[in-house]
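Values in this text are rule-based calculations from the coordinates and carry no lab data. All figures in this text were calculated on a predicted structure; none of them were measured in a lab. All Cβ positions, glycine included, derive from the backbone under ideal geometry; neighbour counts span all protein chains shown.
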Amino acid sequence: MKKLALVMLLIFIAGMMPLFPTASASGGEVHVAYFYAADCRTCVEAEPLIKSIEENFSFVKIERYDVNEYYSLYDDICEKYHADHAIPTAFIGNKWYHFEVEEGNINETVNEFKKTIQEYEDIGGVESPVKDGSKIVFPREVCILQFYNFSNENESLEASKFKEAFEENITYVKIDELNTSLGINMDNFENICELTNENVSLPAVFVGNASFHMDDKNISRAVEEGKKFELTGVQCPEWKGICIVFFYNPLCHECTEAKDKLEGMNSRYPINIQEYSTLSPEGSDMLFKYYDAFNISDEEMGSFAIFIGDKYYYKLSQFDELEQEIKKYVDTGLPCPNPSEEGNAEKTLKGFTVLTVMAGGLVDGVNPCAFATLIFFVAYMEKVRHSKKTLLSIGLLFSMGVFFGYLLIGVGLMEFYYGIDKIGAISKYIYVFAGVFALILAAFNVWDYFRIEKEEKTLLQLPKFLKRRRGRLIKILTEDRGIALLSVIAFATGLGISMLEFVCTGQVLFPIMAVIKSSSPLKMIAFGYLILYNTMFILPLLAILALFYKGYSSEKLGEMQKRGHGTVKLMTALILAVVGIYMLLYIM
């Protein structure tokens, strides 16, 4: 017991170190990470304010980062601080300030910033939030320890009230909940009481060196104590427990069931669950580092992943085996397994997704709406009477315009799908809608196939008023003009036409973007696949241009398009059916 108490004492003192001056703060220096841009007007206007702060506070060291050069670092630090993506912004310890000169409260912001600087100087300084120009070491959480019996309804209710109050009033907080029905946690409780010279009855909460019995009258006192540590945070002790690293997708039914099972085990065993959502960039990247460390093959990758010691579990049927593994370490504890330095989330987008993206882009490209536009464009270009090489270059610029226009639409859809993850459980129904929408469109395309066989008008096509506007637009913009101007107009026309036609072509892109998002939480990876999709989308347009260059007239090209109309409808139906089924299975 004495050895354990000594270990706990050292751990707890280490956790309290941020409250005292540290060598990393260079003898009382207050370090600030300041993000700006040289070409930002607001940053230029704010610069005199920043310089005046440097002149008036000799102990302040402002490290400047131009977001044009350090955008990845800026994006990461904003995410960690939950800060607005706006410049100029200063990060200091656990706080951040955005300086908007045009806003009426700029003086109030500057005064708050100066007050915070002085507070950090009073406690002995603070190191920079950015270490070695790349590693983000702030914000640091305020550790709260809650000891109560999980199976006692009254104690659990009081604990939830305290937890809610802490989370509402302390910006960065980490709450460790310890079940006192387990002997090991009662030992931890007694040691903490001894180390802090506190005599408190259960259920109890520890904030720094202070403790409070968990009842309603102590909630506000405990919160006020916690707010004292907001500047630098307080680390949590490392308890002797069994560490489990758990990765799951919150939209996955099987994952939710696995999460419930683990939480149930938490009431019976001293386990410490480190959870990661695979929908977050951090979680996805960490998962593949663990896969690499454990040499997990593609066949062993499930909808969730559990790592404990040197063991790996990924099926609900393995939970009995997992429980037996936990029992081995109840008395001794088990540290967290270490991830590999290698491995990244790019492995998630391959196989089915690659083929689906390529097939979807190609099918979308031969969509009659998109196909007819270039034929229409070629027909008018024939009347301009320029050389074929000139018309080819103009046609390529038109295709580039279509590419970038469709890319902008795709980016908008990508932001939509990544944004819905923030609205919680409702996001699941968006994916349900995407799947059902794809299946409905697949049915309509099959219906259109039979209507084409009967030489009837199709249901899924560009509305007449948009067709007329498309024709007028191309006719006006391709009148006899100089080559340079015609080239610019061709690109602008392609850009505008692609957005105009999204009413018709979007039937494929909308569900395909759902597939891309479901396969990767990383925007950069998803953007790469969006580029692939758009490349496939314009291939048919480039093929038509090549045929035109070889001597095919717009009439012949139009006839080819009509002959393949029905086949395209069936191909579109097949792709949409596969995508729809995939999306519905994904959220089950």
> Modelled label-to-label distance, Val137 and Leu570, 7 Å Cα→beta-carbon offset: nm?
Replying inline: 6.6 nm
> Applying 1/(1 + (r/R0)^6) with R0 = 56 Å to the Cβ-Cβ distance of Leu355 and His213, what FRET efficiency is obtained, to the nearest 0.05?
Replying inline: 0.40
> For segment 20-136, with the dipole built from +1 on Lys and Arg beta-carbon atoms and -1 on Asp and Glu ones, taken about the Cα centre, which of Ala83, Thr116, Asn105 lies farthest toward the positive end?
Replying inline: Thr116
> Stretch Glu263-Glu194 to full length: gain in nm at 0.36 nm per residue minus the Cα-Cα span?
Replying inline: 21.9 nm
>> Once each part is reduced to its C-alpha centroid, what is the distance from segment 172-189 to segment 30-66 in angstrom?
In response: 43 Å
> Simple spin-label model, 7 Å along Cα-to-Cβ: Glu153 to Trp447 in nm?
Replying inline: 5.3 nm
> For the charge dipole of segment 142-227, defined by +1 on Lys and Arg C-beta atoms and -1 on Asp and Glu C-beta atoms about the Cα centroid, which residue among Phe189, Asn218, Val200 has the Cα displaced farthest towards the positive pole?
Replying inline: Asn218
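So how strong a dipole does segment 142-227 carry about its Cα centre when Lys and Arg Cβ are +1 and Asp and Glu Cβ are -1, to the nearest 20 debye?
I would put it at about 200 debye.
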>> At q = 0.15 Å⁻¹, what log₁₀ I(q)/I(0) does segment 20-136 have when each alpha carbon counts as one equal point scatterer in the Debye sum?
In response: -0.62
>> Using 18 Å as the Cα-Cα cut-off, could you pick out the over-long pairs in Lys115/Lys135; Lys95/Lys131; Lys80/Lys174; Lys161/Lys217?
In response: Lys115/Lys135
> With charges set only on the Cβ (+1 for Lys and Arg, -1 for Asp and Glu), what does the dipole of segment 20-136 come to about its Cα centre, in debye to the nearest 20?
Replying inline: 320 debye
>> I want the antiparallel fraction of DSSP beta bridges within segment 116-241, as a percent rounded to 5.
In response: 55 percent
> Which distance in Å, rounded to a whole number, links the C-alpha centroids of segment 113-130 and segment 273-320?
Replying inline: 40 Å
